[in-house]
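In what follows, a single structure is set out as structure tokens and then discussed.
Every read-out reported here was derived from the displayed coordinates using simple, explicitly stated rules and does not represent laboratory data. Owing to the predicted nature of the structure, the values given are computational and were not obtained by experimental measurement. Cβ placement follows ideal geometry from the backbone for every residue including glycine, while neighbour counts extend to all protein chains displayed.
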Amino acid sequence: MTEAKDKPLRIGGFSITSRLFVGTGKYATYELMREALAESGCQVVTVAVRRERMTDERGRNILDFLDPQRYILLPNTAGCFSPEDAVRTAVLGRELLEGLGNPGSGWVKLEVLGDRKTLLPDPVGTLEALKTLKAEGLTVLCYTSDDPVMACRLKEAGADSVMPAGSPIGSGQGILNPCNIRIILEQLKAGDEEYPVIVDAGVGTASDVTIAMELGADGVLLNTGVAGAKDPIIMARAMRLALEAGLLARRGGRIPRKLYATASSPLEGVVGT
């Protein structure tokens with residue numbers, strides 16, 4: 001086992017060995033999705049549980065292509081634009097996964113969106129839905145913007161993990177504001193180093209994953225970056241290796257940035273001097 005995988009990530013009552021969370025939307029076929037998930041090495045798979053998203057054009061159910069013994073399924077309230085809709089969807093997800101005997105029935109990735117064009121989160125609606133879902137006994141992972149103040153409010157309200165966006169959903173722009181992500185990590189982990197912060201949304205390629213981990217994120221959630229790639233299978237493997245590289249680089253400790261060069265070998269005593 002590599003050094004990058006030696007410490008499980010803990011979120012509420014869940015213990016996770018892979019820090020790469022992968023979504024199930026936008027794949028050309030369910031078969032392709034299944035192969036990409038396997039190649040990514042992920043343990044947690046997110047599933048949008050709104051009824052109209054559970055089947056393809058041939059009437060096949062996405063859950064038939066996900067092994068509930070292999071993956072922890074993470075119900076996702078994607079596509080919800082009100083706290084009421086998000087809560088209903090989360091409860092539906094719990095019921096579906098309880099029927100499968102999957103431990104994912106105990107948690108939810110909460111999204112309450114505020115705008116259909118940008119898909120930016122509604123902070124007020126997210127906070128309201130979070131409080132309701134915590135009262136329901138669920139472990140709640142909260143999707144949010146990269147606003148440090150809102151991230152703190154969500155943690156204070158009981159979010160088991162805060163998931164700041166690197167950039168808008170599906171944009172592939174990577175981490176647009178690394179300074180805000182660093183502030184969120186610093187503030188949410190102050191006095192609580194184990195509190196899980198997962199970068200979610202906007203990942204376009206493997207280097208975006210590495211950057212997120214080097215900044216100090218505990219994990220990365222992505223979907224479009226793999227599903228929309230020219231070759232999703234190859235990209236899934238790249239994302240897996242990129243996360244491992246970023247985590248190892250963070251633990252290894254990068255050298256300080258300097259304005260001028262520093263010779264790797266001593267200049268004194270060389271031939272001709």
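Per-structure values
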{"read-out": "Amide proton proximity set for ASP200, modelled H, under 5 Å, gap of 5+", "value": "ALA165, GLY166, LEU221"}
{"read-out": "Stretchable slack from LYS258 to ALA28, in nm (0.36 nm times residue separation minus alpha-carbon distance)", "value": "78.2 nm"}
{"read-out": "5 angstrom amide H check on ASP122, placed H, neighbours 5+ away", "value": "VAL112, LEU113, GLY114"}
{"read-out": "Amide H within-cut-off set for LEU74, under 5 Å, with H built and near neighbours excluded", "value": "VAL45, THR46, VAL47"}
{"read-out": "Cα centroid separation - the range 168-202 against the range 66-130, whole Å", "value": "20 Å"}
{"read-out": "The chain: angle of helix 123-135 to the longest principal axis, Cα-based, in degrees nearest 10", "value": "70 degrees"}
{"read-out": "Separation of the GLU35 and LEU241 label points, Cα + 7 Å toward Cβ, nm", "value": "1.8 nm"}
{"read-out": "Net dipole in debye of the range 3-252 [+1 Lys, Arg Cβ; -1 Asp, Glu Cβ; about Cα centre; nearest 20]", "value": "200 debye"}
{"read-out": "Dipole in debye (nearest 20) - the range 91-179, about Cα centre, beta carbon charges: Lys, Arg +1; Asp, Glu -1", "value": "60 debye"}
{"read-out": "³J(HN,Hα), Karplus 6.51/-1.76/1.60, whole Hz, each residue of the range 33-38, x for Gly, Pro", "value": "4, 4, 5, 5, 4, 5"}
{"read-out": "Angle in degrees between helix 178-188 and the longest Cα principal axis of the chain, rounded to the nearest 10", "value": "70 degrees"}
{"read-out": "Positive-end residue of SER105, ALA190, ILE233, charge dipole of the chain with Cβ unit charges", "value": "ILE233"}
{"read-out": "Summed residue charge, Cβ within 9 Å of ILE198's Cβ, Lys/Arg positive, Asp/Glu negative", "value": "-1"}
{"read-out": "Whole-Hz couplings from phi, Karplus 6.51/-1.76/1.60, listed for the range 71-87; x for Gly and Pro", "value": "10, 8, 7, 10, x, 10, 8, 3, x, 8, 10, 8, x, 5, 5, 5, 5"}
{"read-out": "Per-residue ³J(HN,Hα) for the range 160-172, Karplus 6.51 cos²θ - 1.76 cosθ + 1.60, θ = phi - 60°, Hz, x for Gly and Pro", "value": "7, 7, 9, 10, x, 6, x, 6, x, 3, x, 7, x"}
